[in-house]
Amino acid sequence: MFDDVSSAAMRVSLDGLAMRQRAIADNIANVETPGYRARKVKFEGALASAVSAGRSPIEVRPSVEQSLEPTRLNGNNVNLDQETLSNVETGLRYQLALRALDGRYNTLRTVIRGS
């Protein structure tokens, strides 16, 4: 019942988005750290591939990669404007996924109660 494709995809999305939020927070915290390379979290492509191939989305694991953006003179490549926008977008996506999963559970709760 709770292991259907859409519920599993939402849980994987929430995990990936939470990991992205942590990476963004780390990036912002290290905006002035010499030699620090921004981290990027990717999972959407792997999730879409798993669902379209009929595999369980629960097998998808987010990957963390270093940004290939150009560095400043101190070797740091964190772009504060980009990180701030990414943080807002990620937060909105997280809220949307959470509401979708919550709506799904509310529907099941209503069916179980019979009202």
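None of the figures in this text is laboratory data; all of them are computed from the coordinates on show. Since the model is a prediction, treat every value here as computed from it, not as a measurement. Here Cβ is always computed from backbone atoms with ideal geometry, including for glycine, and neighbour counts include all displayed protein chains.
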What translational D, rounded to a whole number of µm²/s, comes out for the chain from Stokes-Einstein when the hydrodynamic radius is the Kirkwood one over Cα pairs, at 25 °C and 0.890 mPa s? 155 µm²/s
Longest segment of the chain lacking trypsin sites (Lys or Arg not before Pro) that sit in a DSSP loop with at most 16 other Cβ atoms within 10 Å: 1-54
When the Karplus curve 6.51 cos²θ - 1.76 cosθ + 1.60 is applied with θ = phi - 60°, which whole-Hz ³J(HN,Hα) does each residue of the range 83-89 get, with x for Gly and Pro? 5, 5, 5, 5, 5, 5, 4
Counting only helical runs of four or more DSSP H residues, what would the 222 nm mean residue ellipticity of the chain come to if each run contributes -39,500 (n - 2.57) and the total is spread over all its residues? -20500 deg cm²/dmol
What FRET efficiency do you get for Ser52 and Ser6 if R0 is 22 Å and r is their Cβ-Cβ distance, rounded to the nearest 0.05? 0.95
Once fully extended, how much extra length lies between Ile112 and Val88, figured as 0.36 nm per residue of separation less the alpha-carbon to alpha-carbon distance? 5.0 nm
Which angle between 0 and 90 degrees, to the nearest 10, do you get for helix 5-29 versus the longest principal axis of the chain when only C-alpha atoms count? 20 degrees
Dividing the mean separation of Cα pairs under 8 Å (6+ apart) by the residue count of the chain yields a relative contact order in percent of 35 percent
Which of the GluC sites (Glu not before Pro) found in the range 20-85 are in a DSSP loop and have at most 12 neighbouring Cβ atoms, other than their own, within 10 Å? Glu32
